[in-house]
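One structure is given here, and the rest of the page talks about it.
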Amino acid sequence: MRSNMYLLAGGRGSDTSSLLREAFSATGKEHPSIAYIGTANGEDRAFMRYLEETLKPAGAGEVRLVRLLGFSSGTEEAHALLKDSDLIFISGGEVEDGMNGLPKDIRVLLRELYELGKVFVSISAGTIMLGIAWPHWDDEDARPEDAVLFDCLGFAPTIFDTHCEWEDWVELKKAVALSPEGFTGYGIPTGGMVVVQPDGSLCPTIPLDAYRSENGTAVYIGKYQGDPKNRNLSQQF
């Protein structure tokens, strides 16, 4: 039985304390233990310590790094930590680095744990990783039109971008344009969060910027504030 997922935008100057408290409460534990996935930032310890300063005051218990990169990584240890923790937190950084750092067996295990009801929380690039896909460029500056989608975890039934309203959601629009006709993707502005319910319904804390794929382009269709009928928003490639 799936649990809600809590997908935070993050962004400079955003206060995530109340959002994290809501997410942590879903575990039913006063101080949930957290398995921290940091592949998107190269498992940067300084960045992890910075995030711990936010996670701990919001009620987190022990925060442990799931080692997946470098010589110190160990699949057996990673599996045990992911299974034993109350909550899995996917951190920010670069989306493609984050996905490349997840071995196949870890991706399979994460899917199994999600289906069994493990609570997932993410921020920034981690939120994008929980969506369906994201664009890859060989040379974004020289050939911005030459992009292809690569698969992400796909636990959320859409494509998200986070805290990039200041650049008019350039990467989100490319991702949506490359998606099938009629597909809708969403930008989560700085400081926002989307709760993804077990049936795929999206419940944002602030309005999202929504774009739909039409004739190979991304068309802005307005602010999305959540479906009052709580219908399933799953979209399939």
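Each value in this text was obtained by applying a stated rule to the coordinates, not by laboratory testing. This structure is a prediction, so every number in the text was calculated from the model and none was measured. Because the Cβ atoms are built from the backbone with ideal geometry, glycine has one as well, and the counts that use them run over all protein chains shown.
Some notes on this structure:
- Alpha carbon centroid spacing (whole Å) that separates segment 1-28 from segment 137-209: 19 Å
- Stokes-Einstein D for segment 56-198, Kirkwood Rh over Cα pairs, 25 °C, 0.890 mPa s (µm²/s): 150 µm²/s
- Residue-span extension gain [Arg49 to His79] - 0.36 nm each, minus C-alpha spacing: 8.6 nm
- Only aspartates and glutamates eight or more places from Lys29 in sequence, or on another chain, were considered; those with a Cα closer than 16 Å are Glu62, Asp84, Asp86.
- Three-way shape call for segment 181-226 based on the alpha-carbon gyration tensor, with the a/c threshold at 1.5: oblate
- Antiparallel bridges, percent of DSSP beta bridges restricted to the chain (to nearest 5): 55 percent
- Computed lengthening from Val170 to Asp151, 0.36 nm per intervening residue step minus Cα-Cα distance: 5.0 nm
- Neighbour-count order for Cys164, Cys152, fewest beta carbons within 10 angstrom listed first: Cys164, Cys152
- In plain terms, the residue of Phe155, Phe24 with the fewest other Cβ atoms within 10 Å comes first and the most crowded comes last, giving Phe155, Phe24.
- Summed residue charge, Cβ within 15 Å of Leu81's Cβ, Lys/Arg positive, Asp/Glu negative: -4
- Fewest neighbouring Cβ atoms within 10 Å first, the residues Asp139, Asp146 line up as Asp139, Asp146.
- Global form of segment 83-154, assessed from the alpha-carbon gyration tensor, a/c cut-off 1.5: prolate
- Among 119-127, 27-35, the order from most to least packed when residues are scored by Cβ within 10 Å on average: 119-127, 27-35
- At the listed q of 0.11, 0.15, 0.17 Å⁻¹, the Debye profile of segment 115-201, built from one uniform point per Cα, gives log10 I(q)/I(0) equal to -0.31, -0.56, -0.72.
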